[in-house]
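J.: For reference, the structure I am asking about is given below.
Rule-based calculations on the coordinates, nothing more; no lab input. Note that the structure is a prediction, hence the values are computed from the model and not measured. When we count neighbours, we look across all protein chains shown, and the Cβ atoms used for this are built from the backbone with ideal geometry, even at glycine.
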Amino acid sequence: MTSSDDDYVYDETTGEWRPAAEVAAAQAQSREVRDASGNLLADGDSVVLIKDLKVKGAGQTLKQGTVIKTIRLTDNPEEIDCRHDAIKGLVLRTEFVRKR
């Protein structure tokens, strides 16, 4: 029987086998998502728009100061998935939001 301490993952960039816990920690650290002010964002946070944004495909403009609740992080650290009453499937760039 193997424990989680015995699990290794092949790192394609270095060509080495690394402990799974070490790889998981590195991935979590590299996934840090920060807002325009440098604050760390997490799933479920609320953010405020710092600039008026025209939303492609929706024909609307989200005004500065609009509060977006319950964000979700994506694989891209520069984008967050959001919900807004009038727009479904909204993705915002982190450079245009500030943590509330």
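J.: Using Cα pairs under 8 angstrom and six or more residues apart, how large is the relative contact order of the chain, in percent?
T.: Values: 170 pairs, mean separation 24.3, N = 100.
With pairs under 8 Å counted, the relative contact order is 24 percent.
J.: Which value in nm describes the separation of the simple spin-label points at residue 32 and residue 76, placed 7 Å from the Cα toward the beta carbon?
T.: 2.2
J.: What are the extents of the Cα atoms of the chain along their three principal axes, in Å, largest first?
T.: The Cα atoms of the chain stretch 56, 26, 26 Å along their principal axes.
J.: So, one more: Exposure proxy check: 13, 61, 94 ranked by fewest other beta carbons within 10 Å? List each step's numbers first, then the result.
T.: Working: 13 5, 61 11, 94 22.
Ascending number of Cβ neighbours within 10 Å: 13, 61, 94.
J.: OK, next. Counting other C-beta atoms within 10 Å, which of 56, 51 has the fewest, and how do the rest follow? List each step's numbers first, then the result.
T.: Numbers: 56 7, 51 12.
With the sparsest Cβ surroundings first, the list reads 56, 51.
J.: How far is helix 20-30 tilted, in degrees, relative to the longest principal axis of the Cα atoms in the chain, given as a value from 0 to 90 rounded to the nearest 10?
T.: Value to nearest ten degrees: 20.
J.: Something else about it: If each residue of separation counts as 0.36 nm, what is the full-extension length gain between residue 14 and residue 51 once their alpha-carbon separation is subtracted?
T.: Values: separation 37, 0.36 × 37 = 13.32 nm, distance 4.13 nm.
Length gained, residue 14 through residue 51: 9.2 nm.
J.: Something else now. By how many nm would the segment from residue 91 to residue 61 grow when fully extended, if each residue of separation counts as 0.36 nm and the alpha-carbon distance is taken off? Kindly include the intermediate steps, with their values, before the conclusion.
T.: Details: separation 30, 0.36 × 30 = 10.80 nm, distance 1.38 nm.
Here the answer is 9.4 nm.
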